[in-house]
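The values are calculated or read from the model by the stated rules, or taken from the named source; none is laboratory data. The model shown is predicted, which means the values in this text are computed figures rather than measured ones. Every residue, glycine as well, gets a Cβ built from its backbone with ideal geometry; the counts of neighbours run over all protein chains shown.
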Amino acid sequence: MDRGHHSYAANASLSSGGSESGIGIPVTSAVGGRGTPARRVGEPEAATGLVLTGPNAAQAGTVVDIPAPTPGGVSMTMKFYGAVVPQPYTPDPDAAYNEPNTCQLYFRQFDPSSGCGGFKLGTVLHNVREQPGYKAELAGTGYFDAYADTDRTFGCLRPDGSFDHSTAFVVHQDQRRLSPVYVEGGAANLVQRFRDYPDGEYGPNWFVNFTPIVDVDCPAGMTPTEYGLKVSNVRVSIDDPEIFGTTTWAYPGPFYA
């Protein structure tokens with residue numbers, strides 16, 4: 001366990017159109033841009049970060065626009081959503097995937113577990129059909145990869161349910177690689193989807209299930225908890241000589257849950 005200083009899916013696609021999307025959002029709902037703080041969907045733009053919420057709460061999503069890295073290139077709408085922050089934090093290493101406080105996932109489950117928590121990252125790519133390689137009927141090669149810095153604050157709850165900040169510590173990971181939703185990370189699959197469903201725009205999706213279990217030692221009468229999650233420096237990259245080129249879409253964040 002990495003103790004820092006004291007301080008701080010279902011297979012659904014983010015889509016602006018088409019019937020396949022499980023969490024479709026119109027691109028007009030996206031706000032912000034590179035260097036612009038994200039806001040939670042449906043909340044005022046002044047919405048703030050860490051909030052102690054109910055047990056294993058799934059947090060509201062935030063949506064940002066990321067400009068094309070090059071003129072005439074592909075831009076991105078990015079959505080941070082589906083975060084699970086276990087409160088209290090009492091994961092059971094022996095629990096099966098369908099039992100309380102499990103950290104296990106069943107085959108092709110792309111969601112954070114209730115016991116260990118995590119989050120999802122969805123994307124929509126824009127202007128794909130205007131790329132020379134797409135117009136030339138090229139298929140696309142390579143894979144989309146996503147990385148992010150994560151900071152999770154752990155500590156102990158008093159018997160009255162309040163958080164004891166003197167017990168807080170941070171588990172930090174630099175550029176953790178996010179797990180792709182099955183088949184969506186391949187450029188060829190994505191390009192074919194653009195061709196098969198010409199009325200929509202699409203993008204790859206990822207998720208994180210935070211394992212291994214973090215050891216949170218609390219005094220007698222107090223309960224381990226995860227106080228909050230911070231995700232920053234999100235990068236989505238691909239090396240594809242046919243359509244997308246060698247491209248990285250970056251958003252500094254942070255996202256909070």
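The table below lists the values:
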item: Filter result for ARG129 (charged (D, E, K, R) and in contact with a helix residue (DSSP H, G or I) (Cβ under 7 Å, 6 or more places away or on another chain)); result: yes
item: Residue within segment 180-203 that is at pLDDT 95 or above and under 14 Å from the mean Cα position of the chain (by Cα) present; result: yes
item: In segment 222-257, the residues that are part of a loop (DSSP other than H, G, I, E, B), out of contact with any helix residue (DSSP H, G or I) (no Cβ under 8 Å at 6 or more places or on another chain) and buried (at least 22 other Cβ atoms within 10 Å of the Cβ); result: ALA257
item: Candidates VAL85, VAL128, VAL74, VAL41 - the one that is of a type in the set (A, V, I, L, M, F, W, C) and at pLDDT below 85; result: VAL41
item: Some residue of segment 202-224 being farther than 29 Å from GLN104 by Cβ and aromatic (Phe, Trp, Tyr); result: yes
item: Residues of segment 75-125 classified as of a type in the set (Val, Ile, Thr), crowded, with 23+ Cβ neighbours inside 10 Å and under 30 Å from CYS156 (Cα atoms), total; result: 2
